[in-house]
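Peer 1: Input: one structure, supplied below.
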Amino acid sequence: MKRNLIALGLAVVLATCAVVQADPPRRSRASADNRPAPPAGTSDIWQVAYLGKSRMGYSHTLTRPVQIDGKALIKTDAETHLTIKRFGQTLAIETRQEEEELFGGELQSFVYEVRNPPAAPTRTVARVRGNYLVGESTVAGASKEFSLPWEAGTKSSEFADRYPRLHPFKPGDAVTLRVFMPEQMQVSDVRFRAMRRESVAGLDGKRRTLLRVSMVESVMPQSPIEVYLDEHGEPVVTTTEMLGQTLTTYTVPAEVALKEIGGEGLDIAVSALVKSTPIPRAHFTTRAVYHVKMKGEDPTPFFFNDANQKVIRKGPDECEITVRNARPTPSHRSIRVDRQYLEPSQFLQSNDREVLNHVDRAARNLVEPSQIAIAMEKYVGRELQKKDFSTALASAAEVARSLQGDCTEHSVLLAAMLRARNIPSKIAVGLVYVEPLCSFSGHMWVEALLGDHWVPLDAIFGNGEAGIGAAHIKLAESSFADNGPVPTTSFLPLIRVLGRIELTVVETEAQ
């Protein structure tokens, strides 16, 4: 239940930033008509997912006892299929996860895979060995080994889902589990609190009295999940807030989950737009002040404070954001920077042969860093002509070969090219003003360390010496380092912001 909502949530938020087009989702390997009867001790759960009133996809989780090399384990196979629309086009994402655990829930191994063609699948395989989690992650067909410190007793994510069945809750009960989350490559404290029994409608409209249990993860504390359990501790309905709407999963028979999604679904990108007053010459502004209001919650923690953007709380549910344009200009000063902003990573392959070819074409004879950055920004915008793509987040090596993509693909290629010339770079995620729609939308861009300050660059606009203007509002940043959180977690603040905030332009100054 928890795992499925996280996978769905990350895919939805990526879709607000990517114009995509993909084939319909494949059916589960086990169809509703020919599945064999499950063995004793097996849990076989099918769920269907809705955002508001629009059906998005389904998930299937099969858990069973197994013997592997003479060792008694619990094995779980889980898959999630998501189909959503953006500006009339379709995005299809499929996740698959396998976990093996001891009967006490201690994670022993896992496989986690994301498919979003035409990009190559991303895949992580890992196993607990003593005090370490060792494994291999594969991005764009290239694999890399890793080893992470491991704390004995850390549970599997499936055990957290299964816990209410093993230890039925009563109202008022509370428990915290330490869980490893493969989709985020992080350990999280998952806190359960049993609330009260409520009358809840299922997908068929029939109401049942269910126990409401609140789940909060330490890595996503601002996105609580409400789980409604039957008398056996089985999830019947699960909800969380996203894009100003309720993301709901219902436990259903397999044939209901496998029903094809029609073409009348919610257009995620349109529904997630943040309406604004017009901003003249938005992407050539030197300064802009915005007033943000978020009903029932302080918006201040969601927005980034740095040299280019200042956030001031103005009330219990409102803040003021001042954004200043930073131009890429020569600087004779420099500051030390962590190697994570310079080194190649699995998504920013700055040492890839084709990425290096683009570096050479873009800035072969240039030496001064700001001139290199400007040339690369314009080059990526010029070369990536095809804008209607079918992948949510490709790697720089893939983009270097396909030369297609939206803001995410422009950003990873530009960030990798900068690092190839020893210019530190990082990825920024936030909101950008879309002039034809007079609205703000989810967006990704790049920041480069030029001299002693970080300068935003956006290959979608390619403004060069003029800078990107003050119509970008930053929520998060990431180095995309291999030893950090997975790149998709950079989009998590958008889950809570899009669809929930009111944004007013207070004042702007143009060049």
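The values are calculated or read from the model by the stated rules, or taken from the named source; none is laboratory data. Bear in mind that the values here come from a model prediction, so they are computed numbers and not experimental data. Positions of Cβ are backbone-derived with ideal geometry, glycine not excepted, and every protein chain shown enters the neighbour counts. Ligands, DNA and RNA are excluded from the accessible area calculation, which covers all protein heavy atoms including side chains. Shrake-Rupley method; radii C 1.70, N 1.55, O 1.52, S 1.80 Å.
Peer 1: Checking the conditions here, which among Pro164, Pro235, Pro221, Pro171 is within 21 Å of Lys53 (Cβ to Cβ) and of a type outside the set (Val, Ile, Thr)? So that I can check it myself, show each step before the final result.
Peer 2: Details: Pro164 fails: within 21 Å of Lys53 (Cβ to Cβ); Pro221 fails: within 21 Å of Lys53 (Cβ to Cβ); Pro171 fails: within 21 Å of Lys53 (Cβ to Cβ).
Checking each option against the conditions leaves just Pro235.
Peer 1: Further question: Out of everything in the range 144-178 that is closer than 24 Å to Arg115 by Cα and surrounded by 14 or more Cβ atoms within 10 Å (Cβ to Cβ), what residue ends up being modelled with the highest pLDDT?
Peer 2: Taking the candidates together, the pick is Ser156.
Peer 1: Moving to a separate point now. Mind listing whichever residues of the range 92-118 are within 18 Å of Glu398 (Cα to Cα) and open to solvent by less than 30 Å² (accessible area, probe 1.4 Å)? Quick ask: steps written out before the conclusion?
Peer 2: Pass one, the range 92-118, residues within 18 Å of Glu398 (Cα to Cα): 93, 113-118.
Ile93, Glu113, Asn116, listed by residue number.
Peer 1: Which of the residues belonging to the range 299-314 are over 22 Å from the mean Cα position of the chain (by Cα) and either surrounded by fewer than 18 Cβ atoms within 10 Å (Cβ to Cβ) or polar (S, T, N, Q) (or both)? Please lay out each step first, then the result.
Peer 2: First pass over the range 299-314, keeping only residues over 22 Å from the mean Cα position of the chain (by Cα): 306-314.
Once the filter is applied, which keeps residues that are over 22 Å from the mean Cα position of the chain (by Cα) and either surrounded by fewer than 18 Cβ atoms within 10 Å (Cβ to Cβ) or polar (S, T, N, Q) (or both), the range 299-314 yields Asp306, Ala307, Asn308, Gln309, Lys310, Ile312, Arg313, Lys314.
Peer 1: A further question on this structure: Among the residues of the range 119-143, write down those that are assigned to a strand (DSSP E or B), aliphatic (A, V, I, L, M) and open to solvent by less than 50 Å² (accessible area, probe 1.4 Å).
Peer 2: Result: Ala126, Val128, Leu133, Val134, Val139.
Peer 1: Pairs please, first residue from the range 309-321 and touching a residue at least 24 places away in the same chain (Cβ under 8 Å), second anywhere and of a type in the set (Lys, Arg), Cβ atoms under 8 Å, 6+ apart in sequence or on different chains.
Peer 2: Pairs that qualify, where the first residue is touching a residue at least 24 places away in the same chain (Cβ under 8 Å) and the partner is of a type in the set (Lys, Arg), are Gln309/Arg324; Gln309/Lys474; Asp317/Lys293; Asp317/Lys295; Glu318/Lys293; Cys319/Arg313; Glu320/Lys314; Ile321/Lys310.
Peer 1: Within the bounds of the range 324-336, is there any residue that is of a type in the set (A, V, I, L, M), open to solvent by less than 80 Å² (accessible area, probe 1.4 Å) and under 29 Å from Val114 (Cβ atoms)?
Peer 2: no
Peer 1: Of Ala471, Ala510, Ala459, which residue is aliphatic (A, V, I, L, M), in contact (Cβ under 8 Å) with a residue 60 or more places away in the chain, open to solvent by less than 20 Å² (accessible area, probe 1.4 Å) and under 27 Å from Glu320 (Cβ atoms)? If you could, list the steps in order and put the result at the bottom.
Peer 2: Working: Ala510 fails: open to solvent by less than 20 Å² (accessible area, probe 1.4 Å); Ala459 fails: under 27 Å from Glu320 (Cβ atoms).
Among Ala471, Ala510, Ala459, only Ala471 is aliphatic (A, V, I, L, M), in contact (Cβ under 8 Å) with a residue 60 or more places away in the chain, open to solvent by less than 20 Å² (accessible area, probe 1.4 Å) and under 27 Å from Glu320 (Cβ atoms).
Peer 1: Let me ask another. Whether any residue in the range 325-340 is over 30 Å from Lys293 (Cβ atoms), touching a residue at least 24 places away in the same chain (Cβ under 8 Å) and among the hydrophobic types (A, V, I, L, M, F, W, C) is what I want to check.
Peer 2: So the first thing to find is which residues in the range 325-340 are over 30 Å from Lys293 (Cβ atoms), and the list is 327-340.
After this cut, where a residue has to be touching a residue at least 24 places away in the same chain (Cβ under 8 Å) as well, the list is 327-335, 337-338, 340.
Adding the requirement that they be among the hydrophobic types (A, V, I, L, M, F, W, C) leaves 335, 337.
Yes, because at least one residue in the range 325-340 is over 30 Å from Lys293 (Cβ atoms), touching a residue at least 24 places away in the same chain (Cβ under 8 Å) and among the hydrophobic types (A, V, I, L, M, F, W, C).
Peer 1: Which of (1) over 30 Å from Phe146 (Cβ atoms); (2) surrounded by fewer than 20 Cβ atoms within 10 Å (Cβ to Cβ) does Thr251 not meet, given it meets every other one?
Peer 2: (2)
Peer 1: Please work out which one of (1) within 29 Å of Gln184 (Cβ to Cβ); (2) open to solvent by less than 10 Å² (accessible area, probe 1.4 Å); (3) not hydroxyl-bearing (Ser, Thr, Tyr) is the condition Asn483 fails and give its number.
Peer 2: It fails just one condition, (2).
Peer 1: Same structure, new question: Among (1) under 17 Å from His410 (Cβ atoms); (2) open to solvent by less than 70 Å² (accessible area, probe 1.4 Å); (3) part of a helix (DSSP H, G or I); (4) not hydroxyl-bearing (Ser, Thr, Tyr), which single condition is Phe347 missing?
Peer 2: Only one criterion is unmet by Phe347, namely (3).
Peer 1: While we're here: Which ones in the range 219-246 are open to solvent by less than 10 Å² (accessible area, probe 1.4 Å) and under 15 Å from the mean Cα position of the chain (by Cα)?
Peer 2: Scanning the range 219-246 gives Met242, Leu243.
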